[in-house]
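Below: the structure, in structure tokens.
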Amino acid sequence: MSGILLLDRGNHSLKAALSVSGRIVRKWRVEAAPAMRGPEGGAPEGASDELLRQVIDAGSPSAAVVSSVVPGWDGRIAEYLAGRGIADVVIAGSGSRLPLPLLVDEPQKLGADRISAACGAVASGMREALIIDAGTAVTVDVLSAEGFEGGSIFPGAGLLSLALSSGTAALPRVEAAARAGLPPGRSTEGAIGAGIFWGLVGAVNEIADRSREGSARDLPVVLTGGTAPLISEHIRGNPTVIPDLVLLGLQLLYGLNRNGD
């Protein structure tokens, strides 16, 4: 099976997919070491390398397109892929050929994940959208008829829990639950869980509402990211959940930037 390898490197995971004839036919995911700032720029670890080996062996891709939020990871992986006979590699980012203009102050600093998600919205038939990516960080971005307008970034559920546990003397780390109870929480864990979950929902809705104020139209809402299934029913605007939004954007970016064009 030959196709295009799609790689989405987040802060805590690596998602891979194989696209054949414009259709995603297989998907993989592995948890990756947290990408903290450091002298190595978050160099890939063994789990990521092993996943890549499995994907390449299973799919025999002839090309690849890479989105990474970890500095230096995309270049390192391009070298890795070249060593496996895959030299046709597109790196997603502001320097790529894009289907939309980037209407922000410093396009070169815009995350590849946000660019790829916006391209995913375009690939899904949307020229305007409010794009919510609820992962390690949560982004709420505006795609207008004019282009990518920018947006807001704030901590996701995991970072909120980590901040509480690491920044206080006695509070435990609590993961956001699918069915977080309504306040008041009747235990410390219950109070933290409710605070994180409903605080996140409230923040997303508030920022989304403020983001809509600058638009003359009621923008459709697109929701993606690992926390999307937990919060989708509580987000205003009847959001469309597209789990593969970034991967769809990578497919589009490869078509626009493939070698020889």
What angle, in degrees between 0 and 90 and rounded to the nearest 10, separates the Cα long axis of helix 73-83 from the longest principal axis of the Cα atoms of the chain? 30
Taking only the C-alpha atoms, wrap a convex hull around segment 97-215 and report its volume per residue in Å³ as a whole number. 122
Among DSSP beta bridges whose residues both lie in the chain, state the antiparallel percentage, nearest 5. 65
Starting from 0.36 nm per residue, how many nanometres of slack lie between HIS234 and THR168 once their C-alpha separation is accounted for? 20.8 nm
Could you check how much of the accessible area of the chain is carbon and sulfur, as a whole percent, using a 1.4 Å probe? 52
Which Cα, out of ILE153, ALA203, ALA169, lies furthest along the positive dipole direction of segment 96-234 (beta carbon charges, K/R +1, D/E -1)? ALA169
Farthest towards the positive end of the dipole of the chain, among GLY225, ALA63, TRP28 and with Cβ unit charges of +1 on Lys and Arg and -1 on Asp and Glu, lies the Cα of TRP28
Which FRET efficiency value, to the nearest 0.05, is calculated for ASP209 and SER62 with the Förster distance at 41 angstrom and r the Cβ-Cβ distance? 0.35
Take every DSSP beta bridge with both residues inside segment 100-161 and express the antiparallel ones as a percent of the total, to the nearest 5. 95
Rank by packing, highest mean first: peptides 219-225, 55-61, with packing defined as the count of other Cβ atoms within 10 Å averaged across residues. 219-225, 55-61
So which residue, out of ALA180, ALA64, ALA117, gets the largest mean-square fluctuation from a GNM of the chain using Cα contacts under 10 Å as springs? ALA180
Just how much of GLU149 is accessible, in Å², when a 1.4 Å probe is used and the result is rounded to the nearest 10? 80
What's the angle, to the nearest 10 degrees (0 to 90), between helix 157-166's Cα axis and the longest principal axis of the chain? 60
Counting only residues 5 or more places away or on other chains, whose amide H sits under 5 Å from the amide H of VAL90 once H atoms are built in the peptide plane? ALA64, VAL65, VAL66
Roughly how many Å² of ILE4 are accessible to a 1.4 Å probe, to the nearest 10? 40
Kindly express, to the nearest 10 degrees and within the range 0 to 90, the angle between helix 112-123's C-alpha long axis and the longest C-alpha principal axis of the chain. 80
How big is the accessible area of ASP113 in square angstrom, nearest 10, if you roll a 1.4 angstrom probe over the protein chains? 40
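Quick one: accessible area per residue over the chain, 1.4 Å probe, rounded to a whole number of Å²?
Accessible surface, normalised per residue, equals 47 Å².
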How big is the chain in terms of Cα radius of gyration and Dmax, in angstroms? 18.9, 62
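The values are calculated or read from the model by the stated rules, or taken from the named source; none is laboratory data. Computed from a prediction, not measured in an experiment: that's the story for all the values here. Don't worry about glycine lacking a Cβ; one is built from the backbone with ideal geometry, like all the others, and counts go over all protein chains shown. Ligands, DNA and RNA are excluded from the accessible area calculation, which covers all protein heavy atoms including side chains. Shrake-Rupley method; radii C 1.70, N 1.55, O 1.52, S 1.80 Å.
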